[in-house]
Amino acid sequence: MFLASWIAAILAAAARFAKSHPERRAVNREGDGYMRLWLGRYSVKIAEPMSEGTIVYDRPAGEETRGSDGRELLSVTDLHVQFETSGGVVRAVEGLSLRVRRGEIVAVVGESGSGKSVTALSIMRLLPRHTARIPSGRIVFDGKSLLDLDDEGMREIRGRDVSMIFQEPMTSLNPILTIGLQITEPLQIHLGMDDGAARARAVELMRLVGIPDAERRLTQYPHQFSGGMRQRVMIAIGLACNPKLIIADEPTTALDVTIQAQILELMRDLSRRLDIALIIITHNLGIVARYADRVVVMYAARRVEEGPAEAIFHRPRHPYTMGLLRSVPRLDRPRGEKLETIEGLPPNLAHAPPGCRFAPRCPHAIAACVSEPPLVATDTGGLSACWRADEIAAGKIAWPAAGAAAPAVTPDRGAPLLAVRGLTKHFAVRSGLRGVRGLVRAVEDVSFDVHAGETVGLVGESGCGKTTVGRLILRLEDPTAGEVRLDGEDLVTASAAELTAMRRRVQVIFQDPYSSLNPRMTVGQIVGEPLSVYRIEPNAAAVRERVARLLGQVGLRPELAGRYPHQLSGGQRQRVGIARALAMEPRFIVCDEAVSALDVSIQGQIINLLEELQRSYDLAYLFIAHDLAVVRHIASRVVVMYLGRVMEIADRDAIYREPLHPYTRLLLDAAPVPDPTVEKARAPRLIQGELPSALAPPAGCVFHTRCPMADADCRAAVPALREVRPGHLAACIKV
Amino acid sequence: MTAEAAADADAPRRANPLLDFCRRQPLGAISFVVIATMMLAGIFSEQVSPYDPLNIDFASILAPPSGDHWFGTDAFGRDILSRIIHGARTALVIGFLSSFIGSTSGAVLGAASAYFGGRIDNAIQRVVDVLLAFPIIVLALVVVAVLGKGLVLGIDANLIVAIAIPIVPKVARVVRAAALSVRAMPYVDAARAAGYGNLRIICRHMAPNLVAPYLIMLTAYIAQAILLEASLSFLGLGVTEPTAAWGLMLSGNASDFFREAPWMILFPGLAISLAVFAFSLFGDALRDWLDPRFKT
């Protein structure tokens, strides 16, 4: 009796709970829409089905029409966001206003720390609770003021009306849940769908985002998907509840160029078809050019310019935008000798200077810039926060041209400094005690030369083996076969003592300036270590002096020697990495994606620094990168790799003007160009499919699975790298 | 943003490290005072304790805490406060030394295992597996039984080794896991590319980045060591009656009398908890203070 009344009370409470908290209900496993409480193997029905037959798969045509009617979906007004940190109050966003109409694609562009991601998180109300504050501002979405909603109300909007896509598809999916579960979850939580309906919708969504074999793939786990496919899954999850707005925070930054193009194409297409407004947050101007209707440029927590994409790119009305556009190395323009850059660093937002934030870096700053410029309408239909916007419009102010073009380096074509021959690296995939399950052919028969004082670019998608080639040359990995000759001496067979001697001549600069410096050592210790270990300098005082000189050479103040890496900005850290490499007085430096983690304006500074150092010290670089435009700027010869093999080797001009290998052509075609006119005129991207696994590379030419020219002959044999034209080698039987 | 904020501050190293530690880690300073007090009590126990810890007084058996016996007396009428003061020596020496020896050897093994990888890693980890498979008590028993007693300055050195050995495999595992991720950091690759020796890379580039897990394990195992010492004492292999030792006070005949005389276990228990708590806090504070990233 007592027990029975207890159970009844629990069930009543559970039913009430299930109704008031639909998102917390247990998953319905029966598929009939009834909510059940599971007690071991038995279940009790505790709530009525929540949504019989009311599931809307797609917004019915005509109910809500496209963005052309100009109805405002989201309006952010005078938003301020502050963070409490140990270094004081950081004003991450100041006075930002943003309007997004239905179905519109708005791009928010800015460097790291400009407040663009914080803006997105504020709209989603996902800012860290204890450190972030929104002292003023309004965010109105679809008539509701988001900042006034309680948590319950906000949860209903998140994922249902507004969804978010994050940068890292590798970490934003839960690795231990099936894809199916992760796609159906929001459907069941927000729309109260039962299992069957949610599953049907999931299959439909997977097809919508272009994932073949949807039914089977729903039962798979995230690790069975490639990066591009995972991002498609993220988009499918974002689309699940027919949102009105999707916020994509750097959606393609972690992806390869060829995949980037596919994903962006997909997002734009879906936005147009399903009338979804899209906010793309990015630092990549190339992306913005093709896909955005309107662009908002942010700098140091403020909106500095806004306008239609065409106007922003062709007639920028703020010096920062002008500088940003000019510091991007471009594929569609002749290569200048020196990259134009924006000198200096963005301000510290804990102690931001008064007035125009950009004034300290602006070549056109005037006396008026000490007071804050208002956002004023420009002649191009946008807004600009610059006192001299009118003068820019009148063509009186132009971005100053970069320094005089230095004479091009003409490397002597004698004996190469570094000769790589037949380099091969296989990684065994082991399982159990002794069993070798498979062989990853990371690098297969790679040969090329690097001459003294020259830069060779090594490009390819992620997983093509380019980083492994760098590591093999540095002898951080032992090659399976082949030789690496430095000045004629083989690094592969060198004894430990010979290797140590040779290591001083070959140095490395890594991609990530955050993890390539030991956090427990000061800058002075990092740069000075090789000087004392190799007795390059006789005593501590001489080491200190030399460190100061090295820091000066890479454009850092000598006082920085006492700082720890975490106290420096990304660009400064990368300069420390360069100084550390220079300390060994090397002749050859492997630059492994040395600028890809940096902001555009900083990237230009580092590239110019590398080029200057090359001229001063006759350094040779192996410049490993995925950004074709950067490689074109810095390299004199280019090696293109695909799935561990070399596809093409040629002089820079030849490869960019007349690429021979179909892979190179597709790669160049996929790279975005920061020019909306050029971009919009281009045909949609051709490259299809994904990179095959290096565990089981295709037989014959490894590229035949994605090649538009492939036929039976391509599958028959591995094409040899042959000299098609003088100095221009390609591994393709069709050219 | 915080990084840049810090970049505007002055150079991070302060002139007086002790003052700097007290200023930025007040909790650590308090715990250090507690540890120092215990150390002083251990060193000057003869001078500060009100009674002889071995003095049996049948007139006041199981006396509750009072003005004469602040912490009461035990089943033999011995003063508990005096025994706790004298016990501090055993506890600190055995607890700290065995935990330090065990954690340090474990950390070195773990770091070497992760750095060299391959066969060396495999060999070390299989030994660790074997050590982990033995229950701690059995392992310590075997060591004590094999080594016998080796008194150094009145403390059984072999007992310290016996307690340290079970700690080694556990710390080795944890530090190896941390070292594996440090090993994969580009700054370690950069050091290898610079041609530095293995010792330099492990000591200069990896070890400072393994301090956090090491300090946590070290402080956590001090408590374990004190308790393990008590268990061994109970089995007649560790410190034996009538020596004053916290663990022994908890595990000896206290278990027969704690209903009538709860102070017999309350105060030694508090002493152990306080010591452990102080060491943990101190370890945390030291870890944060040593980490340059917290110096903002």
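The values are calculated or read from the model by the stated rules, or taken from the named source; none is laboratory data. Not measured: the values here are computed from a predicted model. FYI the Cβ positions are ideal-geometry reconstructions off the backbone, even for glycines, and counts take in every protein chain you see. For the accessible areas, the whole protein counts, side chains as well, though only heavy atoms, and no ligand, DNA or RNA atoms are used. Shrake-Rupley method; radii C 1.70, N 1.55, O 1.52, S 1.80 Å.
For the reader, a short list of remarks on this structure follows.
- Across all directions, the shadow cast by the convex hull of region A:444-491 built on its C-alpha atoms averages 3.7 square nanometres.
- For region B:178-285, chymotrypsin sites (Phe, Trp or Tyr not before Pro) meeting the loop criterion (DSSP other than H, G, I, E, B) and having at most 15 other Cβ atoms within 10 Å: B:Phe258.
- The chymotrypsin sites (Phe, Trp or Tyr not before Pro) found in region B:62-116 that occupy coil by DSSP, while having at most 16 further C-beta atoms within 10 Å, are B:Trp70, B:Phe76.
- On a per residue basis, the convex hull of the C-alpha atoms belonging to region B:205-251 measures out at 77 Å³.
- Dipole magnitude of region A:188-244 about its Cα centre (Cβ charges: Lys, Arg +1; Asp, Glu -1), debye to nearest 20: 200
- At least 24 Å along the helix axis (C-alpha) and Kyte average at least 1.0, DSSP helices within chain B: B:26-43, B:97-116, B:157-183, B:211-234, B:263-290
- Here the accessible area of region A:462-565 is 49 percent carbon and sulfur, with a 1.4 angstrom probe and all protein chains present.
- Neighbouring partner chain Cβ atoms per residue of A:529-539, average, 10 Å criterion: 2
- Positive end of the dipole of the protein assembly as shown (Cβ unit charges, origin at the Cα centre): among A:Ala398, B:Pro53, B:Ala123, the Cα lying farthest that way belongs to A:Ala398.
- Heavy atoms of A:Tyr617 accessible to a 1.4 Å probe, total area in Å² rounded to 10: 100
- Candidate aspartates and glutamates - alpha carbon under 13 Å from A:Lys144, same-chain residues fewer than 8 apart omitted: A:Glu72, A:Glu156, A:Asp161
- Exposed-site-free run, longest, chain A (rule: GluC sites (Glu not before Pro); DSSP loop; at most 15 other C-beta within 10 Å): A:344-735
- Take the accessible area of chain A alone and of chain B alone, subtract that of the pair, and you get about 3300 Å² summed over both chains, using a 1.4 Å probe.
- Where only DSSP H runs of four or more residues are counted, the protein assembly as shown gives -12500 deg cm²/dmol as its mean residue ellipticity at 222 nm, each run worth -39500 (n - 2.57).
- Chain A: DSSP helices with Cα axial extent of at least 24 Å and average Kyte-Doolittle hydropathy no lower than -1.0: A:2-20, A:257-274, A:600-617
- Accessible surface for A:Thr85 stands near 40 Å², nearest 10, in the context of the full protein assembly shown (1.4 Å probe).
- Translational diffusion of region B:152-254, µm² s⁻¹ [Kirkwood Rh, Cα pairs; Stokes-Einstein; 20 °C; 1.002 mPa s]: 132
- Peptide ranges A:218-230, A:138-150 listed from the most packed, as the mean C-beta count within 10 angstrom indicates: A:218-230, A:138-150
- For region B:69-112, the spread of Cα positions along each principal axis, largest first, Å: 52, 15, 11
- Kirkwood-based Rg to Rh ratio, region A:435-549, C-alpha trace: 1.02
- Kirkwood Rh and Cα Rg combined as Rg/Rh, chain B: 1.05
- Over 45 Å [Cα-Cα, the protein assembly as shown], rounded percent: 47
- Beta bridge orientation in chain A: antiparallel %, DSSP, nearest 5: 65
- Under the criterion of Cα pairs below 8 Å and six or more residues apart, the relative contact order for chain A equals 12 percent.
- Shielding value for A:89-95 is 1, the average number of Cβ atoms from other chains within 10 Å of each residue's Cβ.
- Hydrodynamic radius (Kirkwood) for region A:235-361, which is based on Cα pairs only, to one decimal in Å: 16.6
- Region B:86-157: equivalent-ellipsoid semi-axes (sqrt of 5 x gyration tensor eigenvalues, Cα, Å): 29, 16, 10
- For region A:195-284, a Kirkwood radius taken over Cα pairs fed into Stokes-Einstein (4 °C, viscosity 1.567 mPa s) yields D = 95 µm²/s.
- Rounded to the nearest 20 debye, the dipole size of region A:118-185 about its Cα centre is 240 debye, using +1 on the Cβ of Lys and Arg and -1 on the Cβ of Asp and Glu.
- For q = 0.11, 0.21, 0.24, 0.28 Å⁻¹, Debye-computed log10 I/I(0) when each Cα of region A:264-337 counts as one equal scatterer: -0.32, -1.00, -1.18, -1.39
- In terms of packing, defined here as the mean over residues of other Cβ atoms within 10 angstrom, the peptides A:362-371, A:547-556 line up highest first as A:547-556, A:362-371.
- Counts of other chain beta carbons within 10 angstrom of each beta carbon in peptide A:510-523 average 5.
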